[in-house]
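The values are calculated or read from the model by the stated rules, or taken from the named source; none is laboratory data. In this text, all values refer to a predicted model and were calculated from it rather than measured experimentally. Every residue, glycine as well, gets a Cβ built from its backbone with ideal geometry; the counts of neighbours run over all protein chains shown. The area values use the complete protein model at the heavy-atom level, side chains included, leaving out ligands, DNA and RNA. Shrake-Rupley method; radii C 1.70, N 1.55, O 1.52, S 1.80 Å.
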Amino acid sequence: ATGYCFDEAVGANPRILKSGKHDVGFYRNMWETISAGKVWSANITNRKKDGSLLDEQVTISPIRNSDGKIVNYVGVKRDVTREVALQRQLFQSQKMEAIGTLAGGIAHDFNNIIYAITGYTELAMEDLPADTESRHDLEQVLGAVYRASEMVKQILTFSRQGDTERKPVDLAPIIKEGLKFLRSSIPSIIEIRQQIDERLGKVNANLTQIHQVLMNLCTNAAYSMRDSKGIMTVRLVMATPDHDFRAKHSLKMSGDYVELSVSDSGCGIPHEIIHRIFEPYFTTKPVDEGTGMGLAVIHGIVTSYGGAITVQSEPGQGSTFRIFLPVIEMETRQMELSTRSPDPTGDERALLVEDEKILLDMEQTILEHLGYKVVPSIDPENALKIFEADPHGFDFVITDLTMPKLTGLNLASRIHALRPDIPIILCTGYGYKLGGKSPEEMGVQALINKPVLKKNLAASIRNVLDRKKQSPKQ
């Protein structure tokens with residue numbers, strides 16, 4: 001297991017196996033234990049002849065002569081490198097699950113704050129002429145808030161586990177937003193250059209897995225340049241691999257592919273190990289900096305999509321990883337109208353339930369600007385009493401999801417028990433469908449993710465009301 005042959009090992013001092021991963025106290029404890037005639041047992045990291053590390057479970061016992069004097073020691077070792085790697089992988093999975101739970105709570109609170117900023121900014125903009133400097137400044141505020149909202153979505157995406165559903169996606173906005181998120185975690189001395197073609201075909205992929213691929217490739221590139229300034233280049237372009245390339249990399253589909261490449265100016269990959277980099281648990285990083293699963297996971301994701309991954313590298317000259325994913329349909333883009341259409345309005349009566357005063361006031365103002373009559377309530381139990389007193393006095397209900405005493409879903413259930421036909425819109429700050437269920441499966445007619453722009457809120461309300469089958473309010 002160590003790489004040393006019998007002749008090399010006989011007579012050699014055990015220190016040839018030292019990895020440098022244990023301090024002097026570790027070895028002192030070992031010698032004190034066995035010198036006292038006791039059995040010593042522990043997991044130890046040793047270094048093989050080729051320089052790679054080996055995790056072993058070791059038990060060393062003293063051997064005594066007929067007089068009871070210690071004359072030698074015998075050690076029994078078992079290679080546990082794979083078990084240790086699996087343990088680290090399990091710990092990382094548990095840590096990410098905990099981070100995901102924490103991220104959900106943070107996202108809820110942060111999205112509420114963003115929603116308040118968005119709503120009041122839009123209300124202020126309505127009172128200003130389009131060509132004023134103040135209006136322009138508020139538009140910049142909205143742009144910054146939008147970026148903050150997208151960052152929350154990225155955090156949720158990275159922390160989600162087990163979501164493997166695929167759908168046709170346009171990679172350009174995903175990669176661009178992912179790079180914005182990664183910028184904050186990559187040292188500023190590393191320059192990130194990007195060449196993103198906006199007119200690409202769609203690929204059948206999972207959003208979370210695409211983020212995982214990008215994150216792994218970029219963090220590996222940054223790691224290779226950790227000791228000096230460097231340049232990371234990310235390209236997303238169309239490619240049409242020829243027959244020889246498809247045959248070499250087992251690509252079954254002919255035609256167009258989307259090519260994602262990540263290049264760095266780092267240390268490069270030695271020729272003797274480049275053929276092993278996609279093997280599970282293979283890594284050149286220290287034990288506490290990597291498990292060797294990143295590139296293996298990327299390889300598994302890409303090949304499951306019917307794609308391929310290649311690598312070109314020269315020691316001291318950097319590396320380039322290229323990923324090819326088959327195009328399933330070409331993207332067609334229509335020019336956006338330069339003039340914004342008016343927000344849809346109405347005159348129906350709404351019961352509005354929100355436990356944060358700043359949001360309740362803002363949402364009431366927005367709804368009244370749209371023409372609706374609003375009865376606000378900051379307490380879900382009080383809102384239920386208001387509805388019980390006049391079940392047919394409302395045309396729709398808008399309620400927050402996370403509230404004390406009564407959740408939005410429980411409130412919706414109680415309201416539907418009184419009047420099954422009333423449309424209910426649920427607002428959530430978590431930024432994704434709860435449990436992967438549709439709004440109808442949760443007992444509501446629409447799910448709105450905070451923060452929401454006024455035009456989108458107006459459209460959702462109108463869509464729900466216009467879908468209502470029965471006659472208008474009594």
Between R28 and S250, take the C-beta separation as r, use R0 = 60 Å, and let me know the FRET efficiency to the nearest 0.05. 0.65
Whenever you get a sec, line up I358, I298, I196 from highest to lowest accessible area (probe 1.4 Å, protein heavy atoms). I358, I196, I298
Can you tell me how much longer the chain between E388 and V297 gets when fully stretched, taken as 0.36 nm per residue apart minus their C-alpha distance, in nm with one decimal? 27.3 nm
Descending Cα extents along the principal axes, the range 117-271, whole Å: 63, 40, 33
HN-Hα J couplings of the range 454-466 from phi, Karplus 6.51/-1.76/1.60, θ = phi - 60°, integer Hz, Gly and Pro as x? 4, 5, 6, 5, 4, 5, 5, 4, 5, 5, 5, 5, 6
Phi-derived 3J(HN,Hα) across the range 121-127 with the Karplus relation (6.51, -1.76, 1.60, θ = phi - 60°), rounded Hz, x for Gly and Pro, is 5, 5, 5, 5, 5, 5, 8
Extension reserve of the I70-R183 stretch, reckoned as 0.36 nm per residue once the Cα distance is removed: 34.7 nm
Sorted by accessible area with a 1.4 angstrom probe, largest first, how do T208, T59 fall? T59, T208
Amide H of I448: which non-local residues (sequence gap of 5 or more, or other chain) have their own amide H closer than 5 Å, using H built in the peptide plane? L426, C427, T428
For the D347, E165 Cβ pair and Förster radius 25 Å, calculated FRET efficiency rounded to 0.05 is 0.05
Quotient of Cα Rg and 2.2 N^0.38 Å for the range 25-86, N being how many residues it contains: 1.31
Based on the Cβ-Cβ distance of S413 and R147, what FRET efficiency does E = 1/(1 + (r/R0)^6) give at R0 = 41 Å, to the nearest 0.05? 0.65
Contour excess over end-to-end distance, with Cα ends at I328 and K455 and 0.36 nm allotted per residue: 42.5 nm
Going by amide H atoms built from the backbone, whose H comes under 5 Å of the H on V374, apart from near neighbours? A350
Under the Karplus relation 6.51 cos²θ - 1.76 cosθ + 1.60, θ = phi - 60°, what is the ordered set of whole-Hz ³J(HN,Hα) values for the range 5-22, x standing for Gly and Pro? 7, 4, 5, 6, 7, 5, x, 7, 6, x, 5, 5, 8, 4, 9, x, 8, 10
Over the range 38-91, what is the mean sequence separation of C-alpha contacts under 8 Å (at least six apart), divided by residue count, expressed as relative contact order in percent? 29 percent
Point-to-point label distance, T320-H243, nm (Cα→Cβ direction, 7 Å offset): 2.5 nm
Could you rank R246, R226 by how accessible they are, 1.4 Å probe, largest area first? R226, R246
Is there a pair in K405/K454; K202/K252; K18/K48; K385/K405 whose C-alpha atoms are over 19 Å apart, and which pairs would that be? K405/K454
